[in-house]
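Data first, discussion second: the structure below is written as structure tokens.
The values are calculated or read from the model by the stated rules, or taken from the named source; none is laboratory data. Computed from a prediction, not measured in an experiment: that's the story for all the values here. Every residue, glycine among them, receives a Cβ derived from its backbone with ideal geometry; neighbour counts consider all protein chains shown. The protein model used for the area step is the full one, side chains on, heavy atoms only, and it has no ligands, DNA or RNA in it. Shrake-Rupley method; radii C 1.70, N 1.55, O 1.52, S 1.80 Å.
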Amino acid sequence: MTPWVLLRGLTREARHWGALPQRLALELDGACVLTPDLPGNGDRHAEHSPASVAGHVAACRSALEATGHAPPYALLGLSLGGMVAMAWTARHPDEVRGLVLVNGSARGTGPWHRRLRPRAWPELARVVLARDALRRERAVLALTTCHPATAADPLVADWARWAAERPVSTANAMRQLVAAARFSVPEPAPGVPVLVLASGGDALVDPACSCALASAWNARLARHPTAGHDLPLDDPGWVATTVGSWWRDAAKAEARLAPEAGPASGRQASATSSTMAGADSALR
């Protein structure tokens, strides 16, 4: 069974995924779901964050290799994590079987004012300037979600505690921002099925960026009508069921197109792998 690797965004860590890893594992019949931290965040907060997305790819690959979980993987990335997932797929296509991008943006998906909405700048300034952890995390919650849970205050308290336990340095946060700002969408489109998830209520990144990426890559696009930028937090159940349905459809399409009998030759194996690229467009 293909392991799933979940990659978070700027200055966030594995615990910020909330319920999604468990929900996704259940939806995928017990698949292994891995949540490695990017360098500079979470368990790796004391490390130096690379100032390039390629550097984050290399660090994640090494970390997974050390755990004994071998590729190929299915990658799900949010924000900066989505950029890491795209670059990983482009640089090491044999290591990736599927790609899910959540509210992504990069050069090539739209103009700057769509990739980072100007109306979000005041909230971003509050996040950067806030010295009090609780105040900063409240600002993050307001900026990235549309459906904060009824227990929003305990959630913010958890986030502030995590930030104290595993602080992300200002220098690492800046290097992650630089890495994101430099990144451009790879060309050509990846040779694996791609699912793009977009949130209609995203106050940080215009959903048009996700639409542009899905169109350019002929990928499946699914839109949540009201969720915010942190879609996995706002509606983890919707993310899990949407990903699970798409993944099963892609697997069925691959099975239909695979060689019917006999061990695959090198050429057949390559052809079988490449069917995953066209499977999603066939299911649109």
Margin query: Counting heavy atoms of the protein chains only and a 1.4 Å probe, report the per residue accessible area for the chain as a whole number of Å².
Written below: 46 Å²
Margin query: Along its three principal axes, how long is the chain when you only count alpha carbons? Whole Å, largest extent first please.
Written below: 63, 39, 34
Next item on the list: Scan around Val100 for amide H atoms under 5 Å from its own, H built in the peptide plane at 1.01 Å from N, and keep only partners 5 or more places away or cross-chain.
Entry: Leu75, Leu76, Gly77, Leu195
Item checked: Cα→Cβ-extended label distance, 7 Å offset, between Arg114 and Ala19, nm -> 3.3 nm
Checklist line | Taking N as its residue count, the alpha carbon Rg of the range 8-95 over 2.2 N^0.38 Å | finding: 1.04
Check: Counting only protein heavy atoms, what percent of the accessible surface of the chain is carbon or sulfur at a 1.4 Å probe?
Finding: 55 percent
Next item on the list: Measure nothing but the geometry: give the 0 to 90° angle between the long axis through the Cα atoms of 236-257 and the longest principal axis through the Cα atoms of the chain, rounded to 10°.
Entry: 20 degrees
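To the nearest 500 deg cm²/dmol, what mean residue ellipticity at 222 nm is calculated for the chain from DSSP H runs of n ≥ 4 alone, each contributing -39,500 (n - 2.57), summed and divided by the residues?
Working: 12 runs with 140 residues, N = 284.
The per-residue figure over the chain is -15000 deg cm²/dmol.
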Check: According to the Kirkwood expression over distinct Cα-Cα pairs, how big is the hydrodynamic radius of the range 37-177, in Å?
Finding: 16.7 Å
Margin query: What do you get for the angle between helix 266-282 and the principal long axis of the chain? Use alpha-carbon atoms, 0 to 90 degrees, nearest ten.
Written below: 60 degrees
Notebook entry, point to check: Taking the Cα centre of the chain as the origin and placing charges on Cβ (Lys, Arg +1; Asp, Glu -1), which of Leu116, Val168, Leu233 is farthest toward the positive end of the dipole?
Noted result: Leu116
Check: Under a GNM of the chain (C-alpha, springs under 10 Å), which listed residue has the highest mean-square fluctuation: Ala51, Ala179, Ala125?
Finding: Ala125
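Tell me, what is a quarter of the convex hull surface for the C-alpha atoms of the range 98-190, in nm² with one decimal? Walk me through the numbers before you get to the answer.
Working: hull surface 31.1 nm².
Its Cα hull, projected and averaged over all orientations, spans 7.8 nm².
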Check: Along the three principal axes, how long is the range 137-255 when you take its alpha carbons, biggest first, rounded to the nearest angstrom?
Finding: 47, 35, 26
Next item on the list: May I ask for the angle, rounded to the nearest 10°, between helix 208-217 and the longest principal axis of the chain, with both axes built from Cα atoms and the value confined to 0 to 90°?
Entry: 20 degrees
Next item on the list: Could you grab the relative contact order for the range 169-221? Cα pairs under 8 Å, six or more apart, rounded to a whole percent.
Entry: 35 percent
Next item on the list: Report, largest value first, the span of the C-alpha coordinates of the range 72-135 along each principal axis, in whole Å.
Entry: 43, 29, 15
